[in-house]
1. Could you check Asn358 against (1) out of contact with any Leu (no Cβ under 8 Å at 6 or more places or on another chain); (2) surrounded by fewer than 18 Cβ atoms within 10 Å (Cβ to Cβ); (3) among the polar types (S, T, N, Q); (4) touching a residue at least 12 places away in the same chain (Cβ under 8 Å) and say which number it fails?
2. Looking at the structure I just gave you, is Asp613 without any contact (Cβ under 8 Å) to a residue 40 or more places away in the chain and open to solvent by less than 40 Å² (accessible area, probe 1.4 Å)?
3. Is it the case that some residue within segment 85-102 is over 27 Å from Trp512 (Cβ atoms), touching a Pro at 6+ places or on another chain (Cβ under 7 Å), assigned to a loop (DSSP other than H, G, I, E, B) and touching a residue at least 60 places away in the same chain (Cβ under 8 Å)?
4. Have a look at Val486, Val504, Val478, Val449 and point out the one that is in contact with a Gly (Cβ under 7 Å, 6 or more places away or on another chain) and in contact (Cβ under 8 Å) with a residue 40 or more places away in the chain.
5. Here are Trp297, Trp387: which of them is at pLDDT 95 or above and closer than 21 Å to Leu779 by Cβ?
6. Looking only at segment 425-442, decide whether some residue is under 18 Å from Ser547 (Cβ atoms), touching a Leu at 6+ places or on another chain (Cβ under 6 Å) and open to solvent by less than 20 Å² (accessible area, probe 1.4 Å).
7. If you go through segment 3-26 one residue at a time, do you hit one that is part of a helix (DSSP H, G or I), touching a residue at least 24 places away in the same chain (Cβ under 8 Å) and more than 30 Å from Asp238 (Cα to Cα)?
8. Restricting to segment 578-603, give me the number of residues that are more than 30 Å from Thr777 (Cα to Cα), crowded, with 22+ Cβ neighbours inside 10 Å and of a type outside the set (Lys, Arg).
Amino acid sequence: MGGVVTRVLHMIGNAHIDPVWLWQWPEGYQEVRATFRSAIDRLDENPDFVFTHTSVLFLQWVEESEPELFMRIRERIAEGRWQVVGGWWIEPDCNIPSGESFVRQGLYGQRWLLDRFGIMATTAANLDSFGHNATLPQILRGQGMDSYVFLRPKPDENAELPNPLFRWRTPDGSSVLAYRIPHEYCAPRADLGDHVEKSLATLPPDLDELAVFYGVGNHGGGPTRANLRSIAELDGRDEQRLELSSLRRFFDAVADDDVPSWQGDLQYHAPGCYTSHSGIKQWNRRAENLLQRAEKWCAVADVLGAQPYPRRELTEAWQLLLFNQFHDTLAGTSIEPAYEDARDQIGHAASLASLSFNRAAQSIAARISIPYEEDARPLVVFNPHPWRLQCDVELEYTWLTAAGVQLVDANGEHVPLQLTRSFATMSGSRARLVFPVDVPPLGYRVYAVHPGAASDGTRKTEGATLENDHVLLEVDQVSGRIARLVHKASGADLADPGSPHAVVVNDLSDTWGHEVTSYEDVIGEFACCSAAVVETGPVRTVLRVESSYGRSRLREDYILAAAGSHVDVTVTLDWHEQQKLLKLRYPTGIGDARATFETPYGHIERPADGHEDPGQTWVDVSGNGRGLTVVNDAKSGYDVRGADIGISAVRSPVWAWHDPRELDPEGDFEYMDQGRQQFHVRLVPHAGDWRDAGIPRLAAELSQPAWAMLESFHDGDLPSERSFVEASAFVSVVKLAEDGDDIVVRAVETTGRATTATVTVLGRRIELAFRPGEIKTVLVPREPTQPVRETNLLEL
C-alpha cells in the first residue's frame, strides 16, 4: 500500500437473493440456505469480514429448515458481524402495495428480529425494487429505521436527484438519510477491480466516505474468497482505503455531513411493471382489503365476547401476502409457473381473511335481537368503514314468491328494491336483490324482506343515457365514447367526446417496460357494437356498452344509483392481443388541469405530460373549479395527458422477457394476460378538487364494499343497529394489538393539510392532532380508566 488515503470505500458484503424470478420459490428457499451457509464459512475464515442481507423471511426459512445453521447465524448477529438490514419481511415492489402493506412489512419483520435476536434493523434496504413511493421515509421512521439504501432509479433514470447521498423527507416532517448505491448490488465472483471502478465512476469526486456493495447475487451466492482477496489487493490503490464494513458504519460516518434534501418519490424504472400481469395486481389488492376488513370485525367480535381474535391466522395471511409482494412477483416479471404459486398463496391468505371475517360477522349477527315477523326474512348489512355508509348492496335471495318481495329497514320504513339477474340462472326461485342501505360507522343494520311487488330492473330500453338529480352521463351510440358527463350542481361537463376512450397501443417493450416513458403509439380503438340501457328501476340504471378490437371484446356496464353522485363501471375484458396495451381513457376537457395520484398512504401531484406513472386506487384532474376522479379496484398504471386520465388496463408482452434480448421471429413464446378479466371503475365528477369530493372515502368504499347476509329471527343482547368505531379522520385499520388485548387504531391525514380529528372507539372519544400527511397509530385499552397511548408503527 502507498500514498495518502483521501477516500474510504465501505465495502458492503451482500447477498442479494430473489426468492422468486426466473425460478419458483422452493428453489429460492434452497438458495437462501446455501448462501447463508457460505456466508457463515466466510465469517469463520476472515475475522474482519461483515455480512449483510435483507428480508427477515429468509432467516425464518433457515430457522425452520436448518436449526443448527440458524444458531450459528444467531451467534454472528450477537457479535455484530452478521448485520441484518431492511427490517422488512421481504424486498417488495415499492409502488404497488397499499400503505398498510408497507406498515406490515416492518411490523412483522422488525418484531421477528426483536423476538429472535433482541435487535432491530436501523437501515432500510430495497436494492432491487423498481421505484420508491414518497411516503416511505415516514413509514421507515415509524419502524425504527433512520437510513435507506436503494439502486433504482439510476442516474440516467432520474437526473434530478441532487446527490447519491441525501436527506429524504416527507411532508409530516419525517426523514431518513438515503443513499443510492453505485453501479450494482451484485459483483463478479473473482476480481472486483472493474466493479469498483464502475462504481466510483457514478459517484461525485467530493465524497470522502462511500459505500460499494459486492457479492454474487440474484440467485444468491454472496461474497466469495476471491472477492475478499481482491479487496485486500485493491486496498490503498489510488489513495483509497477499501474497508470491510457495514451499512451502519457507513451511515454513522456520514451522519453529520451537509447533504441536500429530497421530497417526493424516487422514479422511474420499468413503468411497464405497473401493469404486467393483471391477476397478481388484482389478487393483491383484494387480499389487502379482505385482511383489513377481517381485522376490524374480528376486533369487534373479540370485544363483544362473540369470537376470540384469530391473531395467528391473520398473521399467517399477512405474511403470505407480504411474501408475494416481492418486487419480481408483484411487478409481474417472473416466470409463468411462479404465478401459480402466487395465486395459491394469496388465495390462501384471502381465504384465511374471509373465514375470519365470516366467523366474526356470523357470531355478531347471532347476538342481535331480531323479533319474529310473519312471512318475513331478516338480513344484516355490515359497514367496514368508520363513517356512515350510504350505498347500494346486492344480495342473492332464494325465497322469491309469485307475489315478489319488498324491503323495510329496522324502523319499518320501506326501502326501494330492485331485482337484477341472479347468478343462479337455472333457478326460477332464486333472485338477486339490489337496494340502497344506510349503515352506521363501522357497524351493522338489520333489514327485512317481506312479500310484495318489487321492481324488476332487468329490462332493456332505448337510449344510452343515465341521469338523476346529481349526475348525467350520456354515451355516443356510434363511437361508444362518453358524450356527456355532467356534474349537475356546478353544471360542469367532464367529457370530451372528440377524444378516444378504449385505445390500443403498440407495445414492443419487454415485460418490465425498460426504457419506456409513455405509451403513445396508438394503433386503434375498440369499435362500439352496441350501447343501450339494459336495466332500470327505482334503485339504479345500468347502461351497457359492448365493443371489439381484433379478437378481443370489451363490455362496460355504467351504473348510476338513484341518489348517486358518481357512476360505477363494471369492466369485463376478453383480451387476445399480443405485444399491445389497452388504455381506458377518460378525457375531461379541463384547461390548466392539475393531476393528482393516490400513493401508498398519501398522494402526489405530477405533471400532466403523458408519462406512465404508478398509482394506487385513484387519479384526479382538477382545474377551474371542477374536476374528475377516476377510481378503480385492480389497476396500478396510469397516465394523464393534459386533462385526459388513462388507466392501463392490460398489456401483453412475453413472460419474463428482459430487454435487450430480442424475440426470435421463429421462437415459441407465451404472451401474458390472455383471456377474460373483470374489474371496477368509479367516475366521480366534482366541483372544486378531489378533497371537496371526499375521494379517499369513496375509493375505500369501492375496495371494501358493504356486506349483506341473510339472518333468522332470534333473541339477543345487541340492538337492531349499532356503531363500534366512528372517525372524522381517515381510519384505515382497527385491529387487536400484537401484544395484549388493546385495540389498535391507525388513522391517516389524507388531504396534505394539518388538522385535528376525532375518533370514537366503543364509546371512547379521542382527539388527534395531525401534521400534513401524518400516519398516526394509537392503542386504546378496553378499560376506560386506562389512558390511550400513541405508539409507533411497530406498536412498541
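1. Asn358 satisfies all of (1) out of contact with any Leu (no Cβ under 8 Å at 6 or more places or on another chain); (2) surrounded by fewer than 18 Cβ atoms within 10 Å (Cβ to Cβ); (3) among the polar types (S, T, N, Q); (4) touching a residue at least 12 places away in the same chain (Cβ under 8 Å) except (4).
2. It is false that Asp613 is without any contact (Cβ under 8 Å) to a residue 40 or more places away in the chain and open to solvent by less than 40 Å² (accessible area, probe 1.4 Å).
3. Within segment 85-102, not a single residue is over 27 Å from Trp512 (Cβ atoms), touching a Pro at 6+ places or on another chain (Cβ under 7 Å), assigned to a loop (DSSP other than H, G, I, E, B) and touching a residue at least 60 places away in the same chain (Cβ under 8 Å).
4. The conditions single out Val504.
5. Residue meeting the stated conditions: Trp297.
6. No, segment 425-442 contains no residue that is under 18 Å from Ser547 (Cβ atoms), touching a Leu at 6+ places or on another chain (Cβ under 6 Å) and open to solvent by less than 20 Å² (accessible area, probe 1.4 Å).
7. The answer is yes, given that some residue of segment 3-26 is part of a helix (DSSP H, G or I), touching a residue at least 24 places away in the same chain (Cβ under 8 Å) and more than 30 Å from Asp238 (Cα to Cα).
8. 8
The values are calculated or read from the model by the stated rules, or taken from the named source; none is laboratory data. Predicted model, so just to flag it, every value in this text is computed and none were measured. Note that each Cβ is placed from the backbone with ideal geometry, even for glycine, and that neighbours are counted across all protein chains shown. Areas reflect the complete protein model, heavy atoms only, side chains present, ligands, DNA and RNA absent. Shrake-Rupley method; radii C 1.70, N 1.55, O 1.52, S 1.80 Å.
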